[in-house]
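**Student:** Have a look at the structure that comes next, please.
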Amino acid sequence: MLAGPLFSREVLIAPRQAKHFIMRSAYIAGLFVLMYTAGQITFGWQAVRTVGSVSRFGMFVFQVFALVQLTLVMAFSLLAAAGSVAQEKDRRTLVLLLMTDLRDRELVGGKLLASLLSVIVLIVASIPVFFMVSMLGGSTVQQILWVQAVCALAGLAAGSWGALVAFWREKTFQTLALGALGIVLSIGVIEGVIAAVGPDSPLAVIGVLNPYRILLGSILNPLESATAGGLETAVAASLIGLAALSAGLMILTTIMVRRWNPSKSVYQDAAEDSASTSTRARTRVIWNSPLIWREIRTRAYGRKIFLIKLAYLILTAFVVQFLRQSAGSDTMVLGMISAPGFAFVALTLVGLMLVNAQAVTSVTSERDGQTLELLLVTDVTAKEFVFSKLGGVFYNTKEVILVPLLLVLWYAVQGNVTVENTIYAVLGYLAVVFFAAMLGLHAAFSYESSRTAIANSLGTMFFLFIGIFICMMLMVEAQASFSLQFPPFLMFILGGSLGLYASLTARNPSSALALAAGILPFCTFYAITAFLLGESLSVSLMVVSAYGFPTIAMLVPAVSEFDVALGRATLDKG
């Protein structure tokens, strides 16, 4: 029993589930599709006659695989660890675990390692694929082992942070938001400190805690190190630093787990209830729509929701500082986007994940708290419920939504962006925001398990971002026209359509959603191509149509078939 009965149970049960094999097979198939797409872009149907060309292709594929796997591992580890603990809290079963004879280390370590088991399986399953890529040349066995080690320890660190936040905070939305923002801010702080003190300062040693720095700066570019010993020392220092960080987070969580749980809010609520019986409670005026009133005027999502907004504003401050440092520079980030554009995209991506997390947890928290059933026996209409939830999502994340908009307006005032392009950017941004919110509600309505709903919703958003990033990397590498790029990307696009179709229609089949899943990847591909060609109007039209139609396709069934989806009799007021 490596980490107690919780981990042992997961080891015995997980291999019996079909999703365990489907996920592993889908990941390997995805890597091969990515490699095929990259090969078609690089060589097409031409015969490859030189060893150097094959070696350069192998090096490029190895770099893409390493970056994609590190990003997926960190995201999945955070989501799995945080979601596993948050589900226990939402279902009130964590208190039962605390009442057993489980040691604190068995509880913390068991939940953490059990949630990371699927991530570990994916890393192990990818090793043969990496070795196949190394047969093309451009990478060594040592580099492959280093990449896998960095991915494993970075995933452990991300999972440890997710478990710490989950045991600390009470609400699922706070857990997911603070977990994601914590990782992004930690990378930003590390890079900010190094930029401020210089790479030769003793404080620059903090860079070993950034897995992307060691991956991009050392493992994928070994010739940049002065000697082989220096490269090995840098990688070893990063591995030791990530392991120490993981251990420290786990130890802190183990020490504090019984102080954080049960949450103080339980005692505060009990004290308030006790006081209300002896004194007259302060009354508040409830709006005509009690659901939207509850979403906006109560603490439905925790007492310290300001921590999330504060973390996002701190991230914004780092982005503004990055813009100030890069002012006047024509350097393109990743060779495809300007510094101001990268700042807008970074804040937008983080904000969209927060909006999506808020949307999906607004319904799953009702289900886990057993209050959704109470709503279903009232005369609340489907329109009132859905639009109240959407209104609450936009209100609670208003700062997150407004910051990118203010950034675009600031660019326009400074004269860096034309009024026309500003309008295009705002319209496209709002379309994606509405899509993220509606996707969260759709996933929460479609899946009875809160953990499955959250994983499906956030996973869909994350894979959309990863797919767009990979497409842009490959397009920049190809430097070809749309007509030449489309055939190689066809399989990649079809794979994205099938994945999106499975995500949107797995529980609620719909011809409109099937059509939306089919056209969204194609429209997104065209929008990326138009962006690289500098066609602003085409990008805006494609983004609004590609994400606006799925939003409507999810909204209409949610309103018209809400009662059927949640299993109650129709009680519309007319």
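Taken together, the values in this text are just the output of simple stated rules run on the coordinates, not laboratory data. In this text the structure is predicted, and so the values were computed from the model without any measurement. In this analysis, Cβ positions are derived from the backbone assuming ideal geometry, glycine residues included, and neighbour counts consider all displayed protein chains.
**Student:** Assign one of three labels to segment 68-209, namely rounded, prolate or oblate, based on the Cα gyration tensor with a ≥ b ≥ c the square roots of its eigenvalues; rounded applies when a/c is under 1.5, prolate when it is not and a/b is larger than b/c, and oblate otherwise. Don't skip to the answer; put the middle values down first.
**Tutor:** On the way: a/c = 2.53, a/b = 1.39, b/c = 1.82.
Judged from the Cα gyration tensor, segment 68-209 comes out oblate (a/c at least 1.5, b/c at or above a/b).
**Student:** Would you work out which of 70, 59, 108 lies farthest towards the positive end of the dipole of segment 1-143? Charges go on Cβ: Lys and Arg +1, Asp and Glu -1.
**Tutor:** Result: 59, furthest along the dipole toward the positive end.
**Student:** Which of the following values of Cα extents along the principal axes in Å was calculated from the structure shown: (1) 77, 66, 50; (2) 83, 56, 50; (3) 82, 59, 58?
**Tutor:** (2)
**Student:** Beyond 26 Å between alpha-carbons counts as too far, so tell me which of 19/383; 111/389; 111/171 fall in that bin. Mind showing how you got there, number by number?
**Tutor:** Working: 19/383 34 Å; 111/389 31 Å; 111/171 18 Å.
As for pairs spanning more than 26 Å Cα to Cα, those are 19/383; 111/389.
**Student:** Another one. For the chain, what relative contact order do you get, as a whole percent, if you take Cα pairs closer than 8 Å and at least 6 residues apart? Each step should come with its number before you reach the end.
**Tutor:** Values: 630 pairs, mean separation 86.6, N = 574.
Relative contact order, the chain: 15 percent.
**Student:** Within the chain, what is the longest stretch that has no trypsin sites (Lys or Arg not before Pro) placed in a DSSP loop and near at most 10 other beta-carbon atoms within 10 Å?
**Tutor:** Values: sites that count: 49, 280, 282, 284, 573.
Result for the longest clean stretch: 285-572.
**Student:** Enumerate the amide H contacts of residue 4 below 5 Å, restricted to partners 5 or more residues apart or on another chain; note that Pro and chain-start residues carry no placed amide H.
**Tutor:** For residue 4, whose amide H was placed from the backbone, there are no distant partners under 5 Å.
**Student:** So, one more: Rounded, prolate or oblate: which fits segment 290-566, taking a ≥ b ≥ c as square roots of the Cα gyration tensor eigenvalues, rounded meaning a/c under 1.5, else prolate when a/b beats b/c?
**Tutor:** Numbers: a/c = 2.23, a/b = 1.36, b/c = 1.63.
Taking the square roots of the gyration eigenvalues as a ≥ b ≥ c, segment 290-566 is oblate.
**Student:** Could you work out the longest stretch of the chain that avoids the GluC sites (Glu not before Pro) located in DSSP loops with at most 15 other Cβ atoms within 10 Å?
**Tutor:** Numbers: sites that count: 448, 535, 561.
The longest such stretch corresponds to 1-447.
**Student:** Moving on. Given the DSSP H assignment, sum -39500 (n - 2.57) over each helix run of at least 4 residues in the chain and divide by its residue total; what's the result at 222 nm in deg cm²/dmol, nearest 500? Walk me through the intermediate numbers first.
**Tutor:** Numbers: 23 runs with 444 residues, N = 574.
Mean residue ellipticity, 222 nm, calculated: -26500 deg cm²/dmol.
**Student:** Another question, then. With 10 angstrom as the radius, rank 491, 99 by how many other C-beta atoms surround their C-beta, starting from the fewest. The partial results should precede the final answer.
**Tutor:** Working: 491 14, 99 8.
By the 10 Å Cβ count, ascending: 99, 491.
**Student:** Explain nothing, just the number: dipole magnitude of segment 72-111 about its Cα centre with +1 on each Lys and Arg Cβ and -1 on each Asp and Glu Cβ, in debye rounded to the nearest 20. Intermediate values should be presented prior to the final figure.
**Tutor:** Working: 6 positive and 5 negative charges, 13 e Å.
Magnitude of the dipole: close to 60 debye.
**Student:** Same structure again: Work out the length of the dipole vector of the chain about its Cα centre, built from +1 on the beta-carbon of each Lys and Arg and -1 on the beta-carbon of each Asp and Glu, and round it to the nearest 20 debye.
**Tutor:** On the way: 36 positive and 29 negative charges, 220 e Å.
That gives a dipole near 1060 debye.
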